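Visitor: Quick one: the structure is below, questions incoming.
Bear in mind these aren't lab numbers, they're just calculated from the coordinates by the rules spelled out. As the structure is a prediction and not an experimental result, all values here were calculated from the model. Here the Cβ is made from the backbone with ideal geometry for all residues, glycine too, and neighbour counts use every protein chain on show.
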Amino acid sequence: MKRLHVYVDASVVGGCEDVEFSADSLALWRRFSSGGFVLVLSQHTLRELQGAPDAVRDHLLDVPPANQIMLGDGPEASELADAYLARGVVGPGSRSDALHVALASIGRSDVLVSWNFKHIVNLGRIRLFNAVNLEQGYGLVEIRTPKEVLYEQEEL
């Protein structure tokens, strides 16, 4: 059975050290460390984490390289993020969030997980992200919280 490829944005890594989100973020991290899930990171996520405390960034070291995929930046992701902006899925100040969705879409991740409820994990926006993906010739992207991904996997 194929392991679930889970793209994480910086909010999930930071969530490991946040009282509100730590239980589910750390449970997800244990799945990455054990090889139950494949952690999909991007250069974009790493840039966002550059100013984070060491305790946050150190979580990246807990996942063996065999359980990770690194997505690079490229013009294709930038163009898709720009298409989201052009369609008003998010405003210009949220281009960083649009880039996460674009990278997860282009990288064909099984799911993007985030704690960003305003700009990413938001039913209206998810529908709009997917409408643009289809218009641009990409597939649908699943966008969920870590809690939802963990719950679904427990049911199997």
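Visitor: At 0.36 nm per residue, and after removing the present C-alpha to C-alpha distance, how many nm does the segment from Glu79 to Ala52 gain when stretched out fully?
Guide: Gain in length upon complete extension: 7.0 nm.
Visitor: Sorted by mean Cβ packing within 10 Å, highest first, what order do the peptides 30-43, 85-98, 50-63 take?
Guide: By packing density, highest mean first, the sequence is 30-43, 85-98, 50-63.
Visitor: With equal scatterers on the alpha carbons only and no solvent term, can you work out the Debye log10 of I(q)/I(0) for region 57-145 at 0.11, 0.13, 0.21 1/Å?
Guide: The calculated log intensity ratios at q = 0.11, 0.13, 0.21 Å⁻¹ are -0.30, -0.42, -0.99.
Visitor: Continuing with the same structure: What dipole magnitude, in Debye to the nearest 20, does region 4-154 give about its Cα centre under +1 on Lys/Arg Cβ and -1 on Asp/Glu Cβ?
Guide: 260
Visitor: I would also like to ask the following. Could you give the alpha-carbon Rg of the chain over 2.2 N^0.38 Å, rounded to two decimals?
Guide: So the chain has a normalised radius of gyration of 0.98.
Visitor: Let me ask you something else. Please work out the Cα center distance from region 33-57 to region 88-110, rounded to the nearest Å.
Guide: Centre-to-centre (Cα) distance: 17 Å.
Visitor: So, one more: Nearest 0.05, what FRET efficiency do Ala23 and Arg95 give at R0 = 25 Å with Cβ-Cβ as r?
Guide: According to the calculation, E is roughly 0.25.
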